[in-house]
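The values are calculated or read from the model by the stated rules, or taken from the named source; none is laboratory data. Just so it is clear, the model here is predicted, and its values are computed rather than measured. No Cβ is skipped: glycine too gets one built from the backbone with ideal geometry, and neighbour counts run over all protein chains shown.
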Amino acid sequence: MTKRIIIFLTSLIFFTGAFLNAQNSKTLIVYFSWGGNTRVAAENTKRLTGADIFEITVKNPYPTDYSQCVNQAREEQRTDFLPELNGNVNNLSQYDTIIVAFPNWWGTYPQAVKKFLIDNRDISSKKIALLCTHAGSRLGRSVNDLKALYPNANILESLAISGSSVRNSENDIRNWLKKIGLL
């Protein structure tokens, strides 16, 4: 009986500590969206977590025509062009976890996301999770690209959501957030 009480109390202390740690950590969702799918995924994540959210936007918007946008994205990656961004996040130091949400463009995150990551190198000390929308290529090489950019970062498990199912992805997002300790 004494063993059961000790085990129960130890478990209670452990789970209470884990719960309080999740409640006290502060999360930021940073997202880039061209066609709206990533925005939906980011907003679902915000609704589930209550996290702050920041949209990455470029000074010179991408073409609204899909083919033209694809061509521009390919050329930006080929030449490693980093577009100029509008605004930035104030006080990144207040966040423990950063969720970076983006569409998979040519096998990785768009150059606008790369520019944000380069401009905000201080997030390398944070927990980072990727949330990727895609048309079939899943996360591509985005996790490896993030590891190359931030070799010492604490990269959490990432989630890939098909663009065609993003509007019905709340359960997938919820399960992922539980898995990485944000719910």
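Values for this structure:
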read-out: Filter result for ASP96 (at positive phi and either modelled with pLDDT of 95 or more or polar (S, T, N, Q) (or both)); value: no
read-out: Hits in region 140-168 (condition: in contact with a Leu (Cβ under 8 Å, 6 or more places away or on another chain) and either within 21 Å of TYR62 (Cβ to Cβ) or not in a loop (DSSP other than H, G, I, E, B) (or both)); value: SER142, VAL143, LEU146, LEU149, ILE155, LEU159, ALA160, ILE161
read-out: Candidate set: region 44-68, residues that are more than 22 Å from the chain's Cα centre (by Cα) and not charged (D, E, K, R); chosen: the one surrounded by the most Cβ atoms within 10 Å (Cβ to Cβ); value: PRO63
read-out: Restricting region 29-43 to residues that are among the small types (Gly, Ala, Ser) and in a loop (DSSP other than H, G, I, E, B), the residue that is surrounded by the most Cβ atoms within 10 Å (Cβ to Cβ); value: SER33
read-out: Members of region 83-95 that are outside any helix (DSSP H, G or I), touching a residue at least 12 places away in the same chain (Cβ under 8 Å) and surrounded by fewer than 15 Cβ atoms within 10 Å (Cβ to Cβ); value: GLU84, ASN86, GLY87, ASN88
read-out: Region 35-66, residues that are of a type in the set (Gly, Ala, Ser), on the phi < 0 side of the Ramachandran plot and at pLDDT 95 or above; value: ALA41, ALA42, ALA51
read-out: Residue within region 155-162 that is in contact with a helix residue (DSSP H, G or I) (Cβ under 7 Å, 6 or more places away or on another chain) and in contact (Cβ under 8 Å) with a residue 60 or more places away in the chain present; value: yes
read-out: Complete set of residues in region 115-139 that are of a type in the set (D, E, K, R), more than 23 Å from VAL58 (Cβ to Cβ) and not in a loop (DSSP other than H, G, I, E, B); value: LYS127
read-out: Residue match in region 140-147 (condition: among the small types (Gly, Ala, Ser), modelled with pLDDT under 95 and surrounded by 17 or more Cβ atoms within 10 Å (Cβ to Cβ)); value: yes
read-out: Long-range neighbours under 7 Å by Cβ, at least six apart or interchain, first residue farther than 19 Å from LEU139 by Cα within region 38-59, second surrounded by fewer than 19 Cβ atoms within 10 Å (Cβ to Cβ) and among the basic types (Lys, Arg); value: LEU48/ARG174; ILE53/LYS46
read-out: Candidate set from region 101-114 (those that are in contact with a Phe, Trp or Tyr (Cβ under 7 Å, 6 or more places away or on another chain) and assigned to a strand (DSSP E or B)); member that is surrounded by the fewest Cβ atoms within 10 Å (Cβ to Cβ); value: PRO103
read-out: Scan of region 104-142 for residues that are small (Gly, Ala, Ser) and under 12 Å from the mean Cα position of the chain (by Cα), ordered by number; value: ALA129, SER142
